[in-house]
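The values are calculated or read from the model by the stated rules, or taken from the named source; none is laboratory data. This one's a predicted model, so the numbers in the text were calculated from it and none came from an experiment. Note that each Cβ is placed from the backbone with ideal geometry, even for glycine, and that neighbours are counted across all protein chains shown.
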Amino acid sequence: MIRYLPLILKNGLRNRRRSILTICSVAASLCLLGVLMAIYHAFYFGQATPEQALRLVTRNRISLATVMPISYRQKILQVPGVREAMVMQWFGGVYKDPKNIFARFAIEPSRLFTLYPEYKTSEEEKKAFLRERSACMIGRAIADKYNIKLGDRVTLVGDIFPVTLELTTRAIYDAPENNASLYFNLDYLFESLSAGRRDFAGTFVILADSPDSVPRIAKEIDDQYRNAPIQTRTESEQAFQLGFISFLGNVKMFLLSICGAVTFTILLVSANTMAMSVRERVREVGVLKTLGFTNSSILGIILGEAAFLSLIGGVIGCLMASGLTYLVRQAPAFIIQLKTLTLEPSVAALILVIGVCIGVASSFIPAWNASRTPILDSLRYSG
Amino acid sequence: MAIPLAYNLRNLTVRKTTTLMTALGVALTVSVLLAVLALVAGLQSAFQSSGNPLQVLIMRKGSTAELNSNFTRGAYQDLKFKPGIARNQAGEPLASLEMVTVINLESVDSPSGMNVTLRGITPIGLEMREGLKVDSGRWFQSGRREIVVGKSIEKRYPNARIGSKLKFGRGDWEVVGVMSAGESAVNSEIFADLNQVSSDYNRSEVLSSALVRATDPVAATALINDIKTDQKLNVDAVPEKEYFESQTNSAAPIEFLGIFVAIIMTVGSCFAAMNTMYAAVSRRAKEIGTLRVLGFSRGGILMSFFVESLLLSALGGILGCILVLPLNNITTGIGSFKTFSEIAFRFRVTPLIMLIGILFALFMGAIGGLFPARNAAKKEILVALREV
């Protein structure tokens with residue numbers, strides 16, 4: 001096979017326009033397949049970071065929009081293996097313009113850094129954030145995007161809560177993954193609400209002592225409230241985030257069916273091209289056979305050419321796909337998994353393998369026919 | 001004189017396999033685009049057929065959905081007698097006080113459950129929903145833990161059939177009926193007696209929203225202004241239609257992804273169509289030479305190949321429409337972060353959508369065919385005749 005490599009390369013270059021068009025077409029499709037598979041991978045095979053693997057989220061069993069009493073924390077803390085539990089309340093609201101989308105949470109600052117050790121900020125900023133009731137801490141990505149500096153005022157007009165909050169930026173944090181959230185003091189939110197409507201928790205974020213105890217803790221917490229009027233649902237932070245995606249509809253089905261359509265399209269395109277290129281050189285195959293090439297080596301040469309073209313297409317497609325995932329990472333999105341979307345090497349390798357397989361599969365029938373045509377017939381053949 | 005169309009048609013039929021493969025490639029691209037458009041159209045029609053143009057929805061200032069809105073009984077008493085509100089035959093004002101919350105229902109699709117809107121409502125509120133009727137069973141009775149479910153809910157959630165019991169609030173609620181109202185959002189909701197729901201949720205005084213019907217369109221505008229400027233009420237009023245239309249954007253993420261996919265697939269398909277047409281041109285070099293000798297102009301050849309490419313892609317467009325037709329009327333659900341609940345709707349492959357698909361295919365054919373056609377037209381007669 002290796003000694004035919006120059007022949008395969010030459011064949012691939014003989015009709016440059018066709019080769020380039022085929023490569024472009026295969027590259028576009030494989031790029032798309034790459035992005036979709038990267039998304040699928042991020043959603044359903046994403047690995048939790050070591051910090052994330054320790055966290056659980058408890059919410060009201062009915063829905064995220066329904067709250068729990070804050071007193072639930074006592075019992076949660078008593079579950080063996082629970083190190084800390086913090087209230088995290090989605091605030092929503094509007095910052096300047098409804099189009100400015102980023103997450104805003106009311107939290108307990110004194111517990112935040114225990115639960116999220118990956119949030120890095122300077123000691124002074126941390127102290128200032130802890131000290132001041134109306135302080136807020138924002139992620140680096142938000143600070144850059146909206147040009148908010150330390151000391152700047154941030155006004156949030158509530159939609160879920162009938163309040164307008166005046167916050168002062170006291171800290172800016174960096175985090176490897178999610179640095180596009182705003183955190184402020186839960187007490188400050190409660191103060192702004194009327195007395196009867198305080199002391200609730202949208203979610204509890206829980207820190208476990210080891211990743212192994214996470215499933216057991218989740219079960220124990222939910223069991224405690226099994227017969228209470230307000231029941232809970234506890235799951236790992238990763239599963240909790242996945243819940244948002246399944247809420248959007250049958251995303252899995254959607255992604256898979258598009259992947260299927262794309263793969264089938266590449267198959268068609270490359271089969272078509274290879275059929276055309278083989279048809280063009282039936283006579284040449286005859287000449288090769290007269291020179292002593294066997295049926296199987298001719299089959300190999302033609303298959304090799306198809307594999308070669310689709311491999312180049314695959315490499316270009318992977319490069320474009322990783323460029324696109326970069327763009328997705330920059331875009332504003334609620335879906336946290338997309339913030340770290342990358343084309344993993346394993347996914348890229350899979351794309352290349354799929355590309356080559358499709359190339360070989362699509363050219364198999366024309367190649368088989370060409371290699372089996374008797375010499376005399378093929379020499380007599382006229383395009 | 002133009003080259004007859006029959007020449008192109010015959011050429012396409014002679015190269016059956018190539019034609020069909022290229023057309024299928026175009027067809028798949030078109031069908032992905034159409035599937036997304038059909039999804040959005042279905043969702044739009046579900047929301048657009050919800051809401052009466054004369055009706056006005058009243059919520060707390062600043063809230064964007066009924067779910068996070070508050071409206072008190074006291075405010076309702078003030079609101080009810082505002083001028084411009086229509087009355088029913090019995091002379092009661094058409095103003096409905098409602099409470100909205102969500103409950104979790106398990107289904108085959110999502111074993112962990114999906115959120116569904118539960119609406120506490122009074123007879124006046126039922127009267128104000130146009131086309132609302134009970135398909136089977138009966139309406140709930142006031143003061144009892146009984147619920148009526150929308151027909152999409154009955155279809156998608158096995159636990160919500162007539163006779164079964166759902167546990168929420170302070171006890172078990174019996175499903176006593178299935179209701180429907182055209183294609184509207186009501187089909188994805190659960191209705192129950194307002195007083196019973198509000199007492200179960202400890203919200204007897206503070207409910208969610210109010211819906212009022214104005215006597216005519218002019219009165220509706222005046223009523224909205226009147227309510228918005230009323231300092232005592234301190235609420236916001238929006239036309240009911242506008243409220244539902246603003247929820248259509250819950251399909252935005254899927255729409256965005258779908259259009260992104262369609263664009264990249266289009267690029268790929270354009271290259272593929274170009275490839276096919278270039279091959280057609282190079283294989284028919286002699287024919288092109290002959291046509292030129294016969295006196296057909298360069299422009300005529302250009303047109304002919306261009307038209308052939310359009311025909312090829314139109315075939316793809318039609319195939320794409322056929323591929324996507326089975327999706328029509330399939331029911332699916334999508335969650336909205338605005339209402340925190342799921343709305344069921346049906347894919348709608350409308351004639352307009354199919355037309356868009358065919359135009360889109362023609363566009364691909366035009367891009368893919370232009371360069372090869374130019375290439376064909378530029379061939380010199382003698383060179384073309386000598387090519388093998």
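Tally the residues that are more than 14 Å from every other protein chain (Cβ to nearest Cβ) and either surrounded by fewer than 23 Cβ atoms within 10 Å (Cβ to Cβ) or aromatic (F, W, Y) (or both), restricting the search to segment B:39-53.
9
Tally time: how many residues in segment A:158-180 are modelled with pLDDT under 90 and either within 14 Å of chain B (Cβ to nearest Cβ) or outside any loop (DSSP other than H, G, I, E, B) (or both)?
Looking only at that region, the number is 6.
This table checks each residue for (1) among the acidic types (D, E); (2) touching a helix residue (DSSP H, G or I) at 6+ places or on another chain (Cβ under 7 Å); (3) without any contact (Cβ under 8 Å) to a residue 24 or more places away in the chain.
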site	(1), (2), (3)
A:N11	no, yes, no
A:I23	no, yes, no
A:M37	no, yes, no
A:H41	no, yes, no
A:Q47	no, no, yes
A:T58	no, yes, no
A:S63	no, no, yes
A:S71	no, no, no
A:K75	no, yes, no
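In segment B:106-136, what count of residues is obtained for those that are touching a strand residue (DSSP E or B) at 6+ places or on another chain (Cβ under 7 Å) and away from chain A (no Cβ under 14 Å)?
Residues in segment B:106-136 being touching a strand residue (DSSP E or B) at 6+ places or on another chain (Cβ under 7 Å) and away from chain A (no Cβ under 14 Å): 12 in total.
Pick out the one residue from A:A228, A:A218 that is surrounded by 18 or more Cβ atoms within 10 Å (Cβ to Cβ) and more than 11 Å from chain B (Cβ to nearest Cβ).
A:A218
For the structure I just gave you, tell me whether B:M274 is of a type in the set (A, V, I, L, M, F, W, C) and within 10 Å of chain A (Cβ to nearest Cβ).
Yes.
Just to check your reading of the model, which residue among A:A38, A:A65 is within 14 Å of chain B (Cβ to nearest Cβ) and closer than 29 Å to B:L118 by Cα?
After ruling out the rest, the residue left standing is A:A65.
Which of the following residues is surrounded by 16 or more Cβ atoms within 10 Å (Cβ to Cβ), within 11 Å of chain A (Cβ to nearest Cβ) and more than 26 Å from A:G249 (Cβ to Cβ): B:V36, B:V56, B:V26, B:V30?
One residue alone meets the criteria, B:V26.
Test of understanding: among B:T64, B:T17, B:T22, B:T29, which residue is without any contact (Cβ under 8 Å) to a residue 12 or more places away in the chain and among the β-branched types (V, I, T)?
Being without any contact (Cβ under 8 Å) to a residue 12 or more places away in the chain and among the β-branched types (V, I, T) holds for just one of B:T64, B:T17, B:T22, B:T29, which is B:T17.
Can you work out which of the residues in segment B:106-116 that are part of a loop (DSSP other than H, G, I, E, B) and either among the small types (G, A, S) or at pLDDT 85 or above (or both) is farthest from the chain's Cα centre (by Cα)?
So, considering only residues that are part of a loop (DSSP other than H, G, I, E, B) and either among the small types (G, A, S) or at pLDDT 85 or above (or both), the one farthest from the chain's Cα centre (by Cα) is B:S112.
May I ask you to say which residue of A:I302, A:I375, A:I365, A:I298 is more than 26 Å from the chain's Cα centre (by Cα), more than 30 Å from A:Q52 (Cβ to Cβ), within 14 Å of chain B (Cβ to nearest Cβ) and β-branched (V, I, T)?
Every option except A:I365 fails the conditions.
A:S194 versus (1) at pLDDT below 90; (2) under 32 Å from the mean Cα position of the chain (by Cα); (3) of a type in the set (G, A, S): which is the lone unmet condition?
(2)
Looking only at segment A:105-157, which residues are part of a helix (DSSP H, G or I), surrounded by 15 or more Cβ atoms within 10 Å (Cβ to Cβ) and in contact with a helix residue (DSSP H, G or I) (Cβ under 8 Å, 6 or more places away or on another chain)?
Result: A:P109, A:F113, A:K126, A:F129, A:L130.
Within segment B:157-183, restricting attention to residues that are of a type in the set (S, T, Y) and at pLDDT 90 or above, which residue is surrounded by the fewest Cβ atoms within 10 Å (Cβ to Cβ)?
B:S164
Specify which of the listed residues (A:A275, A:A271) is touching a residue at least 12 places away in the same chain (Cβ under 8 Å), in contact with a Pro (Cβ under 6 Å, 6 or more places away or on another chain) and farther than 30 Å from B:A344 by Cβ.
A:A275
Give segment B:56-70 a look and list any residue that's in a strand (DSSP E or B), out of contact with any Leu (no Cβ under 6 Å at 6 or more places or on another chain) and not β-branched (V, I, T), or say none.
B:M59, B:R60 - these are the residues of segment B:56-70 that are in a strand (DSSP E or B), out of contact with any Leu (no Cβ under 6 Å at 6 or more places or on another chain) and not β-branched (V, I, T).
Does segment B:165-186 hold any residues that are in contact (Cβ under 8 Å) with a residue 40 or more places away in the chain, in a loop (DSSP other than H, G, I, E, B) and either within 14 Å of another protein chain (Cβ to nearest Cβ) or on the phi < 0 side of the Ramachandran plot (or both), and which are they?
B:A181, B:E183, B:S184
Got a sec? Which of B:R213, B:R156 is within 30 Å of B:S31 (Cα to Cα), among the basic types (K, R) and away from chain A (no Cβ under 11 Å)?
After ruling out the rest, the residue left standing is B:R156.
Looking only at residues in segment B:71-105 that are out of contact with any strand residue (DSSP E or B) (no Cβ under 8 Å at 6 or more places or on another chain) and assigned to a loop (DSSP other than H, G, I, E, B), which one is nearest to the other protein chains (Cβ to nearest Cβ)?
Only one residue tops the list, namely B:P83.
What number goes with the only condition from (1) free of Cβ contacts under 8 Å to residues at least 24 places away in the same chain; (2) farther than 14 Å from A:N60 by Cα; (3) surrounded by 15 or more Cβ atoms within 10 Å (Cβ to Cβ) that A:G243 does not pass?
(2)
Residue check, B:S198 against (1) assigned to a helix (DSSP H, G or I); (2) within 26 Å of B:K338 (Cβ to Cβ); (3) at pLDDT 90 or above; (4) out of contact with any Asp or Glu (no Cβ under 9 Å at 6 or more places or on another chain), all met but one. Which one?
(4)
Which of the residues spanning segment A:197-214 are touching a strand residue (DSSP E or B) at 6+ places or on another chain (Cβ under 8 Å) and in a helix (DSSP H, G or I)?
Selection gives A:V214 alone.
Of all residues in segment A:1-27, count the ones that are among the small types (G, A, S) and either more than 14 Å from A:T273 (Cβ to Cβ) or away from chain B (no Cβ under 14 Å) (or both).
1
Kindly check whether there is at least one residue in segment A:41-57 that is within 9 Å of chain B (Cβ to nearest Cβ) and buried (at least 16 other Cβ atoms within 10 Å of the Cβ).
no
Condition first: in a strand (DSSP E or B) and at pLDDT 80 or above. Now tell me which residues in segment B:321-340 satisfy that.
B:T331, B:T332, B:G333, B:I334
Test of understanding: among B:V281, B:V307, which residue is more than 10 Å from every other protein chain (Cβ to nearest Cβ), at negative phi and in contact with a Phe, Trp or Tyr (Cβ under 8 Å, 6 or more places away or on another chain)?
Going through B:V281, B:V307 in turn, the sole match is B:V281.
Please state which one of B:A262, B:A314 is assigned to a helix (DSSP H, G or I), touching a residue at least 24 places away in the same chain (Cβ under 8 Å) and more than 10 Å from chain A (Cβ to nearest Cβ).
Only one candidate qualifies: B:A314.
Looking at segment B:222-259 only, could you name the residues that are more than 14 Å from every other protein chain (Cβ to nearest Cβ), among the aliphatic types (A, V, I, L, M) and part of a helix (DSSP H, G or I)?
Hits for segment B:222-259 are B:A222, B:L223, B:I224, B:I227.
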